[in-house]
Protein chains: 2
Amino acid sequence: MSEGAFIAGDWGTSNLRLFLCDAHGRVLDSATGPGVAGSDGRCAEIFDSLTSGWTATAPAVLCGMVGSNIGWMQAPYAACPATLAEIADRSVSLRDGRIRIVPGLSCRNRFDAPDFMRGEETQVLGVLALEPTLRHGRQLLCLPGTHSKWALLNEGVVLEFLTAPTGELFNLLSHHSVLVRERGEVTPVAFRNGLEQFARFPRARLLDRLFECRSRTLDGELAPGDATAFLSGLLIASDIAGALETLGEVPEVHLIGSPNLTRLYADGLAHQHCRSNATDGSDAVLAGLMQIRTQLSGKR
Amino acid sequence: MSEGAFIAGDWGTSNLRLFLCDAHGRVLDSATGPGVAGSDGRCAEIFDSLTSGWTATAPAVLCGMVGSNIGWMQAPYAACPATLAEIADRSVSLRDGRIRIVPGLSCRNRFDAPDFMRGEETQVLGVLALEPTLRHGRQLLCLPGTHSKWALLNEGVVLEFLTAPTGELFNLLSHHSVLVRERGEVTPVAFRNGLEQFARFPRARLLDRLFECRSRTLDGELAPGDATAFLSGLLIASDIAGALETLGEVPEVHLIGSPNLTRLYADGLAHQHCRSNATDGSDAVLAGLMQIRTQLSGKR
């Protein structure tokens, strides 16, 4: 086994994933641990315990909620517009620089509201490394999830972004709402039914369409188990429409996330006449941490 | 005490309220009991036990979920457009007609989706009795709640309606979402802040504004306890905007509901340049049940 040269860590609210990489960024070993919410202020101990068998001198770069006020050490947000170099520069240093924590990004969004991301900025940087064409021109990136992030880039600089709590709304409504009486799988047919019903009245308000998850099952148009997928279609279509209206129409969106979720967004984008490409979120975060590592090394 | 001539019952999912009324509709006595969801199929027993001390021969009219498939006896929905006489005619009869259960209303809404109400139709009929001017011309009525109903009437006929699960979304998001970290009261100032922020970008999608409940507290614009009220403002403003866009602008909306809730909607309507009047939902349901009783008596 080649020697570990670098530890990459994706430490979010719910999960920690650590990777020991060689000098070329190849993963030699990996470990998982509790997210920041379950770390109980013991981030240092957890990190040391999980990496104790690894090269003791390997420097680490960590991103995600580990840099929040409930994490290991607070890494204040870098303000948009932000370049790779600026994000790397704003990382905070622990243990004489052996550990760096990536800052999140902040912006004032199109609704004159503050907006924040923490962890997604690293995935964005990773995608720019993996897909060099995205470094040029105006690009719209979408990171779907509990809180979906839509990032607008120009020449590789993150200009601004927008957050939509689409996944959180989906989870709350499909688990706890009377709108979905019988939770089912997100099957393609019922999901597309939601996309298509949305598209018939694209300017309608989401609040005026959600009751359909229930009413269409009550009158037999929708099988009870299909309300979950129909809801997913309505929400994702609304998320996409909002982002394209707000940040501007584009011919193509680059998706970053789990294949299950990016497939749904790709389908939703196609329904709104927008092409898409996708990168797995795990690949993106690793590539992003490597980019930051390289940027920091180059400065020394 | 004058003799009980009529029992009026509002039997919803969560609560049962029974009223013994005299021939003029004055309440002589009342009782409360479990909603349909807690009745466990024992509606007849519950009704008999609560009314055992009342005039045995008094006929009863019951509205709400008592007429659903989890209630006492199913009263199939009457289709819009629906008049008072049609709603009364479609009531189902129990115990040789001594007990009548009011049907709910169904319609095909503006989004070509099925829509339903059960209980609110009786409040609408009650308001038409209490506010005779509403029997003329085109009128928009709003019954805010867990599932807000907006009913469009012409010459006293319910033409169509629209459901928005505004209250349910508020409850889910304020109790279970990371968007609202510290649940607080719906204070007027923070509520109006939500209305005003909505009004700055009235065409924005709700999904693109919800994260502000969190981001504005993160950056200190909003006190943590004010996120609840801010959320309420955003949701109610979106509910109102959707209804006015869908069912048509009106100079005035008539609100039916609890004073706490109708006050918030009145405030929201005023922000969208719409006047409003309000009737207490309890008064409306009692007047509606009396209307149906009178209609049924007149037919005999």
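Quick notes
- Condition met for residue B:141 (away from every other protein chain (no Cβ under 12 Å) and not in a loop (DSSP other than H, G, I, E, B)): yes
- Checking each residue in segment B:111-138 for being on the phi > 0 side of the Ramachandran plot and away from chain A (no Cβ under 14 Å) picks out B:119, B:137.
To keep it simple, each residue is scored yes or no on (1) at positive phi; (2) under 19 Å from the mean Cα position of the chain (by Cα); (3) surrounded by fewer than 21 Cβ atoms within 10 Å (Cβ to Cβ).
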site: B:189; (1), (2), (3): no, no, yes
site: B:193; (1), (2), (3): no, no, yes
site: B:203; (1), (2), (3): no, no, yes
site: B:210; (1), (2), (3): no, no, no
site: B:255; (1), (2), (3): no, yes, no
site: B:265; (1), (2), (3): no, yes, no
site: B:285; (1), (2), (3): no, yes, no
site: B:296; (1), (2), (3): no, no, yes
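- Residues in segment A:201-221 that are at the interface with chain B (Cβ under 7 Å from one of its Cβ atoms), touching a Leu at 6+ places or on another chain (Cβ under 8 Å) and of a type in the set (D, E, K, R): A:205, A:208, A:209, A:212, A:216.
- Subset of segment A:97-110 [out of contact with any Cys (no Cβ under 9 Å at 6 or more places or on another chain) and within 10 Å of chain B (Cβ to nearest Cβ)]: A:109, A:110
- Qualifying residue in segment B:173-183 (condition: touching a Ser or Thr at 6+ places or on another chain (Cβ under 6 Å), without any contact (Cβ under 8 Å) to a residue 60 or more places away in the chain, more than 7 Å from chain A (Cβ to nearest Cβ) and more than 23 Å from residue A:234 (Cβ to Cβ)): yes
- Residue B:235 buried (at least 21 other Cβ atoms within 10 Å of the Cβ) and more than 7 Å from every other protein chain (Cβ to nearest Cβ): yes
- Residue check, residue B:113 free of Cβ contacts under 8 Å to residues at least 12 places away in the same chain and either crowded, with 20+ Cβ neighbours inside 10 Å or within 17 Å of the chain's Cα centre (by Cα) (or both): yes
- Residue within segment B:119-140 that is more than 18 Å from residue B:249 (Cα to Cα), buried (at least 24 other Cβ atoms within 10 Å of the Cβ), of a type in the set (D, E, K, R) and touching a helix residue (DSSP H, G or I) at 6+ places or on another chain (Cβ under 8 Å) present: yes
Coordinate-derived values only; no laboratory data. Note that the structure is a prediction, hence the values are computed from the model and not measured. Because the Cβ atoms are built from the backbone with ideal geometry, glycine has one as well, and the counts that use them run over all protein chains shown.
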